[in-house]
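The structure appears right after this line, and notes come after that.
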Amino acid sequence: MDPLFELIDVAYSYGRHPALRDVSLTVRCGAIGLVGQNGAGKSTLIHLLLGLIRPTAGSLKVFASERRGWPTGFRQRVGFMPERESLLPGLKGIEYVALAGQLCGMPRRDALRRAHETLSYLELEEARYRAVEQYSVGMRQRLKLAAALVHDPDLLLLDEPTSGLDPDGRAAMLDVLAVLAARPGKSLVLSTHLLGDVERICEEAIVLDAGRVVGVGPIREMRTVSAGTYRVRWRGDGNRLADRLLALGAEVRDSERSGEAQVVVPEGWQHRDFFKAAREGQVVLTGLKREEEDLEAVYQRLIGAGTISRGDNHD
Amino acid sequence: MIEKPDTDGRRYRGWSSRLRPAWFSIWPIAWTGLNLVLRRKLFWLLLGITLINFLFLFATIYLKAQIRVENPAVMRFVDSVLESVSGTGETYRDFMAAQGTVTMLMLAFAGEVLVGNDYRCGGLTFYLSRRIGRRHYLLGKLLSIGLLVQLTTALPALVLYLEYGLLTDSAVYFRENTRILLGILGYGLVMAVPLSLVLFALAAWLQRTVPLVMGWACLFVLMPAIGAILRKVYDDRHWHLLSFWRDIRLLGSWCFGAIPDRDEPLIIGAVTVVAAVCAVAVLAAIPQVQAVKVVR
């Protein structure tokens, strides 16, 4: 199966300020999260994939075709939802979405029919004849998504789609994205700094920090790669258990609940070492569970270490 | 196969069909721009003003035709009173020039709606992230401005030309005055192309109506005023070339084959000035439609 996109040593600079440096990636179809802090290079990467800007170095392939010169034809398979406002004041919602369809090459009648369908799907059917500048923030986000979806693209590039939404709006947007991500043959790249959004929608993630890729691969694999953290529950004197674990080289992190702690173990640690510590500390272990990192923890670890982890399907 | 609903009974439907080439996108861009302008009341007011001039001429042509048939005795008197409505090239040239003055005012206010908002409200991102290139966007916008110009100048002039021909010796009039038809189309183009380019460039840089009107006034009011002063000081008619509007009118007169004798030596200068302004406008517009503008 051809990769969705492939970047080889791609760099991009805004004047003297480098936004992306030596980015090499091969990503297959699916739902991909693009995470990083503000200024990490997420939007720049999206704009490169969309062909709005050219890399200052390296090469870039989308849908297995390298873009020489600056063709825009491949965008008929791409839908883009920008982070910033991209409205045309004075147009009605339906006209806005239909125009987006026409700009993607759809005949006017098809674009209009499809615009009605898309707006209905995104629950904007009652507002479709209202001027776009009268839309609320949540409606504008959905309108931008409708404009990105109108031509039924194979790849959706979403730049901060939940930005500015209230919790209900965010949940609704994520519901829609989850459904779209699950459709066969459809891929989406979700750029956000909200790790919860990525965790909910995407199977894979690209972690960016200061213009560099510090992690890429399936989120599941990223979590287990260095899962040397355990949740330990006991009955008895916790201080003695902690002393014994420390003596064996483990790190004990306090828990809010008594009789429970998070323990980070050194390399080479074996489960029986827990029981050894418990026996020596004269406490009874009531629970021992390998703790999986959430994406937040993975992200913090990767940002801190600056290392790259690769899932097998990216090699 | 019936697809299962995604959420709340709604379901996403795919779509598949043959897509048109990107060049087909120029018309929707132009039509949308024209629509946006015509939704403003101010433009209907200005269109109304241009319509008054048109209706006056329309009625005059009709009146003269009626009098010629019903009371030929007073025709000489009517001709002397309504000398300007004679069905010659000058009639249409003067009509289009008068219409053009209101059109110019209309364009000054339309710049923000047609182009400026694309920069202020992210419309450029909307356009350039689709399957079109910047040349399609630029051509679409220029076409919408050009259509607005033609709507108020060349189109009513064509209607008057047809009316005049139909109410007089139709076949003879149309046969002998094909130059007028070419003149109307030519003058229309001479107005539409430079005005579109200049308006696009100014609106792309200035974006809001107030600075845009000021910039427009500099070009069409201040420069002619400076030209008039310099013409008096140096007693050289070439200083009139500083009036861009006058240069366009001179080219329009050339299209009708009706250049006043005293302006004959200025025609080359007028062509040069109009071409130079167009070139500057293109050079100013190009960096503003770079896709990189979208990401800044």
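The values are calculated or read from the model by the stated rules, or taken from the named source; none is laboratory data. From a predicted model like this one, the values you see are computed outputs, not experimental measurements. When we count neighbours, we look across all protein chains shown, and the Cβ atoms used for this are built from the backbone with ideal geometry, even at glycine. For accessibility, only protein heavy atoms count, side chains too; no ligands or nucleic acids. Shrake-Rupley method; radii C 1.70, N 1.55, O 1.52, S 1.80 Å.
Largest GNM mean-square fluctuation among B:Thr32, B:Thr50, B:Thr152, using chain B with Cα springs under 10 Å: B:Thr32. I'd like the mean, over residues of A:38-50, of how many other protein chain beta carbons sit within 10 Å of each residue's own Cβ. Mean shielding by partner chains, rounded to a whole number: 1. Among B:Ile229, A:Ile8, the order of accessible area from largest down is B:Ile229, A:Ile8, computed with a 1.4 Å probe on protein heavy atoms.
Is the C-alpha gyration tensor of the range A:147-214 telling us rounded, prolate or oblate? Criteria: a/c under 1.5 is rounded; beyond that, a/b larger than b/c is prolate, otherwise oblate. Judged from the Cα gyration tensor, the range A:147-214 comes out oblate (a/c at least 1.5, b/c at or above a/b). In the Gaussian network model of chain A, springs joining C-alpha atoms below 10 Å, which of A:Gly73, A:Gly36, A:Gly217 carries the largest mean-square fluctuation? Maximum among the listed residues: A:Gly73.
When the pairs A:Lys186/B:Lys141; A:Lys92/A:Lys186; A:Lys61/A:Lys144 are compared against a 31 Å limit on Cα-Cα distance, A:Lys186/B:Lys141 fall above it. Between amide H atoms placed 1.01 Å from N, distances below 5 Å from A:Arg28 occur with A:Leu4, all of them 5 or more places distant or on a separate chain. Annotation for A:Glu85 and A:Arg54: the two label points, set 7 Å from Cα along the Cα-Cβ direction, are 3.2 nm apart. Once B binds A, the 1.4 Å probe can no longer reach about 4000 Å² of accessible area, counting both sides.
Have a look at the range B:17-34 and report residues whose accessible surface goes down by 40 Å² or more when the remaining protein chains are included, against the chain on its own, probe 1.4 Å, ligands and DNA/RNA excluded. Residues passing the criterion (a loss of at least 40 Å², heavy atoms only) are B:Leu19, B:Arg20, B:Pro28, B:Thr32. When exposed loop sites are taken as GluC sites (Glu not before Pro) in a DSSP loop with at most 13 other Cβ atoms within 10 Å, the longest stretch of chain B clear of them is B:84-296. The candidates A:Lys144, A:Lys276, B:Lys41, A:Lys289, arranged from most to least accessible area with a 1.4 Å probe in the full protein assembly, appear as B:Lys41, A:Lys289, A:Lys276, A:Lys144. Of the trypsin sites (Lys or Arg not before Pro) found in the range A:229-275, the ones in coil according to DSSP and having at most 16 other Cβ atoms within 10 Å of their Cβ are A:Arg257. The charge dipole of the range A:225-292, taken about the Cα centre with unit charges on the Cβ atoms of Lys, Arg (+1) and Asp, Glu (-1), comes to about 300 debye, rounded to the nearest 20. Using a/c under 1.5 as the rounded threshold, could you call the range A:225-292 rounded, prolate or oblate? The axes a ≥ b ≥ c are square roots of the C-alpha gyration tensor eigenvalues, and prolate needs a/b larger than b/c, oblate otherwise. In terms of gyration-tensor shape, oblate. Roughly how many Å is it from the Cα centre of the range A:184-246 to that of the range B:101-179, as a whole number? With the range A:184-246 and the range B:101-179 each reduced to a Cα centre, they are spaced 59 Å.
Averaged per residue, the protein assembly as shown has 47 square angstrom of accessible surface, using a 1.4 angstrom probe with ligands and nucleic acids left out. Build a GNM of chain B with springs between Cα atoms under 10 Å apart, and of B:Ala225, B:Ala171, B:Ala276 the one that fluctuates most is B:Ala171. Taking GluC sites (Glu not before Pro) in DSSP loop conformation with at most 10 other Cβ atoms inside 10 Å as exposed sites, chain A has its longest uninterrupted site-free stretch at A:1-255.
Excluding same-chain neighbours fewer than eight residues apart, the lysines reachable from A:Lys276 by a Cα-Cα span under 24 Å are A:Lys289.
Taking only protein heavy atoms and a 1.4 Å probe, the accessible area of chain A is 45% carbon and sulfur.
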